[in-house]
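Undergrad: Dropping a structure here in structure tokens format, bear with me for questions.
The values are calculated or read from the model by the stated rules, or taken from the named source; none is laboratory data. The structure displayed is predicted, hence computed values, not measured ones. Here the Cβ positions follow ideal geometry from the backbone for every residue, glycine too, while neighbour counts run over all protein chains shown. The protein model used for the area step is the full one, side chains on, heavy atoms only, and it has no ligands, DNA or RNA in it. Shrake-Rupley method; radii C 1.70, N 1.55, O 1.52, S 1.80 Å.
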Amino acid sequence: WTKNIASDKFEQIQATCKAIGENCLVFLQNGKTVSDKALANVQKSFDEKIYSTNTKTFGQEWKPGVDGDNRITLLLFDIQDGFNGTGGYVGGYFFAGDEFLQSQIPAQYDVKSNEREMFYLDIYPSDPEKDTYMSVVAHEFQHMIHYNNDPQEYTWLNEACSQIAPYLCGYGHANQIMSYVQVPDNSMLAWAEAQMVANYGQVYLWNYYLMNRFMPTEAARTSFFKSLVASKAHGAASFNDALKPFKITFGQAFQDFMMANFINSAKIGNGEFAYDKTLGRLRLPPSATIKALPGQVQEKVFIWSTDAIKVDLTGAKSSVKVDFAGGNAKLTATQSALFTVTAVLSDSRDQVVPVVKTFAIKTTADEKMQAGTIEVATEGKFDTLTLLVGVQ
């Protein structure tokens, strides 16, 4: 059984087993052609790289699983996703319904199970000859492992783990980073349909940032991600637990992460606001720019996101005063939206160590606003002020 994604229906195809590995069975749709070299590479990549890396890093899939076979099925076929020569397509997927016997699925649900642990891999327009072809399996295998450990985990955390998996398997940085650069005001926890590709880029950077900052060794990565996947807490609470050994909360780490995304300077602090050399040129663009003082900006920012406002200081005097105010929004009986505002003084030629100042944000007497004021000295050497406005 396969899913016709374009018509949202299950369809039956026939396929033949083309390769048998220690950890996988590789099937190809009848009537389709894939080179023997590519089929052998699929089996070898899964057996020798992806299986060991993912299970070591994230944990174990259900083994031997619903079918009693230790091996996982990899089905190569033309996924019916509506691709007509242009636009997006589905490179592959994991379907949790396959983890159930058909007899366990209520008759009123139009769901067909292959009753085995398996992945579905596209062969058009995906190219099985490409070196990066199996990166989608590295991504989807993490979902299978996560499903076995915590099937109720929030989408953004589950996807964050799947996004880092191809990097750990040697497939390089996620290509969705550039989509996030184009729409930087994106709520990391919301997983909104409107900015789907940016979601993937942001959660990849989040886990890469944490790994780059706190986990220099394979042992450290394994300990962190295994505890994260196994945790019965969800979302931010899972990260709070996993980050305890580093003596930092999810909220603090998120604020540092956003500073790294906009400023990305190893000159500040101990390098906690920078990426490594492979992402040394990454900087999210500001949402607004003030070219002359005095100036005023009114913007909106998503919860669990950050906006940057760039201020040109070339015409400024010895100091600049900044006033901030934002609505005091009550979200639930116990939660409010809390603003964080940080000022970063820098030199556009990057000759001077940037200076960071944090606003003291307080609720106004009438409880309608959150507000704060800060005065920063330009010292005659800074020509740029970046204001980072976030909400948690």
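Undergrad: Counting residues that are over 28 Å from residue 345 (Cβ atoms), which helices (runs of 4 or more DSSP H) fully inside the range 218-291 reach at least 1? Write out each step before concluding.
TA: Working: elements: 218-230, 236-243, 250-262.
Fully inside the range 218-291 and qualifying: 218-230, 236-243.
Undergrad: Further question on the same structure: Name the residues in the range 64-79 that are more than 26 Å from the chain's Cα centre (by Cα) and in a loop (DSSP other than H, G, I, E, B), would you?
TA: 64, 65, 66, 67, 68, 69, 70, 71, 78
Undergrad: So, one more: Run down 389, 352 and say which single residue is surrounded by 12 or more Cβ atoms within 10 Å (Cβ to Cβ), assigned to a loop (DSSP other than H, G, I, E, B) and either touching a strand residue (DSSP E or B) at 6+ places or on another chain (Cβ under 8 Å) or not basic (Lys, Arg) (or both).
TA: 352
Undergrad: Residue 61 fails exactly one of the following numbered conditions: (1) surrounded by fewer than 19 Cβ atoms within 10 Å (Cβ to Cβ); (2) within 30 Å of the chain's Cα centre (by Cα). What is the number of that condition?
TA: Unmet condition: (1).
Undergrad: Let me ask something else. Quick check: anything in the range 319-335 of a type in the set (Val, Ile, Thr), closer than 21 Å to residue 362 by Cβ and open to solvent by 60 Å² or more (accessible area, probe 1.4 Å)?
TA: Looking for residues that are of a type in the set (Val, Ile, Thr), closer than 21 Å to residue 362 by Cβ and open to solvent by 60 Å² or more (accessible area, probe 1.4 Å), one finds at least one in the range 319-335, hence yes.
Undergrad: While we're here: Out of 132, 86, which single residue is assigned to a loop (DSSP other than H, G, I, E, B), out of contact with any helix residue (DSSP H, G or I) (no Cβ under 9 Å at 6 or more places or on another chain) and either crowded, with 20+ Cβ neighbours inside 10 Å or of a type outside the set (Asp, Glu) (or both)?
TA: Within the list 132, 86, the selection yields 86.
Undergrad: Can you tell me which residues in the range 22-37 are buried (at least 17 other Cβ atoms within 10 Å of the Cβ) and outside any strand (DSSP E or B)?
TA: Initial filter on the range 22-37 (buried (at least 17 other Cβ atoms within 10 Å of the Cβ)): 23-29, 34.
Residues satisfying the conditions are 23, 34.
Undergrad: Same structure again: When only residues in the range 376-386 that are under 21 Å from residue 289 (Cβ atoms) and more than 33 Å from the chain's Cα centre (by Cα) count, which is most open to solvent (accessible area, probe 1.4 Å)?
TA: Among those residues, the one meeting the criterion is 381.
Undergrad: Can you tell me which residue within the range 296-318, out of those that are surrounded by 13 or more Cβ atoms within 10 Å (Cβ to Cβ) and in a loop (DSSP other than H, G, I, E, B), is farthest from the chain's Cα centre (by Cα)?
TA: Result: 316.
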